[in-house]
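**Q** Below is a structure I'd like to ask you about.
The values are calculated or read from the model by the stated rules, or taken from the named source; none is laboratory data. Small disclaimer: the values here were computed from a predicted structure and weren't measured. Using ideal geometry, Cβ is built from the backbone for each residue, glycine included, and neighbour counts are taken over all protein chains shown.
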């Protein structure tokens, strides 16, 4: 392709935040009708660069060109008017409105009746149906967004971006919440868009996915450009080496832990919601990593949130160290030395306006009120800072300082800060819900190492994951759910991808068999 094919060009873009230079003279050329992957570790500057391209941030230095014309985006609307659209990694739909209102927000069609302007719901519905049919998306336009799964919210955001008629669509970790089938739908949409000369800038940590879908790859490291290459010249080892600046020989740490006696047992847990989990029984042992697999809608998250006291349980029992316990709230779960890292770190994890320090110490401060008071009236600033710094250092959290608002950290560093929060209460049982979603390969290994370390110390770890290699590589046993039922538990030495997918898909058998507590795969 020649210079005329370049639709978006960014020249020597620099951007600084208090105490950190996020971008240092980074350049990027994106050609029409191509998928240009943008890769790098968390904190490399990928999202910052794209926010400059979308008018969220204003570069301190550098120039941006669209179709060869020098542009200055005052805001995101200005960027969209110039044909740039962006789908963010952390979704922020308007949950109290329906799907079609979310699609056309800011562009709601109106009609006049008797001189009065009314929302034209019929036109809005028809346009949404037409858009969804064009993209092959099957979501009811009148459905409340609060009822949608994370994956459906992701598809909604993609549809909204397409509805603007954008010539450049930035997708930040677009498949992080999608099933394999939904990811295939996304790839089909991408191929459809590139055939219409739309350019896709694709940010992802899934290297196999990038090699499959992209035409070109640009890699950043520590806010600087490493280089740009044709995707056909790249492979997984080369990408990892250029991303992290070193060889990575192992994806998972060596297993040194050994499962022991039962730590926690759940018997016949049933939700008051008839569409949620029902009659689920399982055990997790001391020194064990128990994986939980299943497709979207399997109710894995709902089950674990109920164990942690975030959701109600209509029937069933929970035993810790052989003693029955009743957990009505997260504070009660914490008192039983349990911790939960939630799936959506921005929505249910971090407190964005508070500092890194505040976010790390808050669970310990709430659970152990004497931890920072020494029995006195006031909090000890020194003790809080010491505890926060301990995990900033041990987890290698990249932050300008403890007082930096956590919202300014990359997703991977936010995740490590949340892990630090729970490590501070020294839990005996750690529940991790999609712990490495949107995390780079280096940070993933650090999280895996923490899980292995906990298990080696005799702690219990429960990990919900939609990434098959992660589930198989880290788990001692894998418990598979399907539509709220337990469909089987597979021992580590018997795990295969086919077995997991078989159990995750057996809807009818799960409905009948799990009434008896679920079956082992050997019984099938």
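**Q** Just checking, does region 67-74 include any residue being buried (at least 23 other Cβ atoms within 10 Å of the Cβ) and more than 26 Å from the chain's Cα centre (by Cα)?
**A** No - not one qualifying residue is present in region 67-74.
**Q** Within region 177-217, work out how many residues are more than 20 Å from residue 294 (Cβ to Cβ) and not in a helix (DSSP H, G or I).
**A** 14
**Q** When residues of region 399-433 are filtered for being part of a loop (DSSP other than H, G, I, E, B) and either modelled with pLDDT of 90 or more or surrounded by fewer than 22 Cβ atoms within 10 Å (Cβ to Cβ) (or both), how many remain?
**A** 9
**Q** Looking at (1) more than 19 Å from residue 492 (Cα to Cα); (2) touching a residue at least 60 places away in the same chain (Cβ under 8 Å), can you tell me which one residue 282 breaks?
**A** Unmet for residue 282, out of (1) more than 19 Å from residue 492 (Cα to Cα); (2) touching a residue at least 60 places away in the same chain (Cβ under 8 Å): (1).
**Q** Can you confirm whether residue 339 is buried (at least 19 other Cβ atoms within 10 Å of the Cβ) and in a helix (DSSP H, G or I)? Outline the logic, then answer.
**A** Values: buried (at least 19 other Cβ atoms within 10 Å of the Cβ): yes; in a helix (DSSP H, G or I): no.
Judged against the criteria, residue 339 is not a match.
**Q** Still on this model: I'm told residue 518 meets every condition in (1) at pLDDT below 85; (2) more than 18 Å from residue 295 (Cβ to Cβ); (3) touching a strand residue (DSSP E or B) at 6+ places or on another chain (Cβ under 6 Å) except one. Can you identify the failing condition by its number?
**A** (2)
**Q** So residue 23 fits all but one of (1) over 23 Å from residue 413 (Cα atoms); (2) within 25 Å of the chain's Cα centre (by Cα); what number is the exception?
**A** Result: residue 23 passes all but (1).
**Q** Yes or no: region 478-486 includes at least one residue that is within 19 Å of residue 280 (Cβ to Cβ) and without any contact (Cβ under 8 Å) to a residue 60 or more places away in the chain.
**A** Among the residues of region 478-486, not one is within 19 Å of residue 280 (Cβ to Cβ) and without any contact (Cβ under 8 Å) to a residue 60 or more places away in the chain, which makes the answer no.
**Q** Being outside any helix (DSSP H, G or I) and free of Cβ contacts under 8 Å to residues at least 60 places away in the same chain is the filter; apply it to region 376-398 and report the residue that is surrounded by the most Cβ atoms within 10 Å (Cβ to Cβ).
**A** 397
**Q** Quick check on region 186-224: of everything there that is at positive phi and surrounded by fewer than 20 Cβ atoms within 10 Å (Cβ to Cβ), which residue is modelled with the lowest pLDDT?
**A** 222
**Q** Cβ-Cβ distance below 8 Å, separation of 6 or more or different chains: which pairs start in region 218-244 with a residue that is assigned by TED's automatic domain parsing to the domain that holds residue 48 and without any contact (Cβ under 8 Å) to a residue 60 or more places away in the chain and end on one that is part of a helix (DSSP H, G or I) and surrounded by fewer than 16 Cβ atoms within 10 Å (Cβ to Cβ)?
**A** Close Cβ pairs (under 8 Å, with a partner that is part of a helix (DSSP H, G or I) and surrounded by fewer than 16 Cβ atoms within 10 Å (Cβ to Cβ)) amount to 236/208.
**Q** A follow-up question, please. Only residues that are within 30 Å of residue 52 (Cβ to Cβ) and either within 14 Å of the chain's Cα centre (by Cα) or surrounded by fewer than 21 Cβ atoms within 10 Å (Cβ to Cβ) (or both): list them for region 168-185, please.
**A** Once the filter is applied, which keeps residues that are within 30 Å of residue 52 (Cβ to Cβ) and either within 14 Å of the chain's Cα centre (by Cα) or surrounded by fewer than 21 Cβ atoms within 10 Å (Cβ to Cβ) (or both), region 168-185 yields 171, 172, 173, 174, 175, 176, 177, 178, 182, 183, 185.
**Q** Collect the residues in region 78-124 that are in contact (Cβ under 8 Å) with a residue 24 or more places away in the chain and assigned to a helix (DSSP H, G or I), keeping them in residue-number order.
**A** Of everything in region 78-124, those that are in contact (Cβ under 8 Å) with a residue 24 or more places away in the chain and assigned to a helix (DSSP H, G or I) turn out to be 79, 80, 99, 100, 102, 103, 124.
**Q** A further question follows. Somewhere in region 290-312, is a residue in the same structural domain as residue 478 (by TED's automatic domain parsing) and more than 27 Å from the chain's Cα centre (by Cα)?
**A** The answer is no; no qualifying residue exists.
**Q** Continuing with this model, one more query. Need at least 1 residues that are surrounded by 20 or more Cβ atoms within 10 Å (Cβ to Cβ) and at pLDDT below 95 per element, so show me which strands (runs of 3 or more DSSP E) inside region 278-334 make the cut, counting only ones lying wholly within it. Walk me through it before giving the result.
**A** Working: elements: 280-285, 289-293, 315-320, 323-325.
Counting at least 1 such residues, we get 289-293.
**Q** If residue 136 passes every condition in (1) farther than 19 Å from residue 467 by Cα; (2) at pLDDT below 85; (3) surrounded by 17 or more Cβ atoms within 10 Å (Cβ to Cβ) but one, which one does it miss?
**A** Tallying (1) farther than 19 Å from residue 467 by Cα; (2) at pLDDT below 85; (3) surrounded by 17 or more Cβ atoms within 10 Å (Cβ to Cβ), residue 136 fails exactly one: (3).
**Q** Looking at 26, 20, which one is surrounded by fewer than 22 Cβ atoms within 10 Å (Cβ to Cβ), closer than 17 Å to residue 222 by Cβ, assigned by TED's automatic domain parsing to the domain that holds residue 196 and touching a helix residue (DSSP H, G or I) at 6+ places or on another chain (Cβ under 9 Å)?
**A** Going through 26, 20 in turn, the sole match is 20.
**Q** Just to be sure, is residue 85 at negative phi, crowded, with 19+ Cβ neighbours inside 10 Å, at pLDDT below 85 and in the same structural domain as residue 206 (by TED's automatic domain parsing)?
**A** So residue 85 does not fit the description; no.
**Q** Quick one: in region 442-484, of everything that is within 15 Å of the chain's Cα centre (by Cα) and crowded, with 19+ Cβ neighbours inside 10 Å, which residue is modelled with the lowest pLDDT?
**A** Residue satisfying both the conditions and the ranking: 443.
**Q** Conditions first: (1) under 30 Å from residue 13 (Cβ atoms); (2) assigned by TED's automatic domain parsing to the domain that holds residue 475. Residue 271 passes all but one, so which condition is the exception?
**A** It fails just one condition, (1).
**Q** Looking at (1) surrounded by fewer than 16 Cβ atoms within 10 Å (Cβ to Cβ); (2) modelled with pLDDT under 85; (3) in contact with a strand residue (DSSP E or B) (Cβ under 8 Å, 6 or more places away or on another chain), which is the only condition residue 96 fails?
**A** Condition not satisfied by residue 96: (2).
**Q** Restricting the search to region 354-375, which residues are at pLDDT 90 or above and either over 24 Å from the mean Cα position of the chain (by Cα) or assigned to a loop (DSSP other than H, G, I, E, B) (or both)?
**A** Residue satisfying the conditions is 354 alone.
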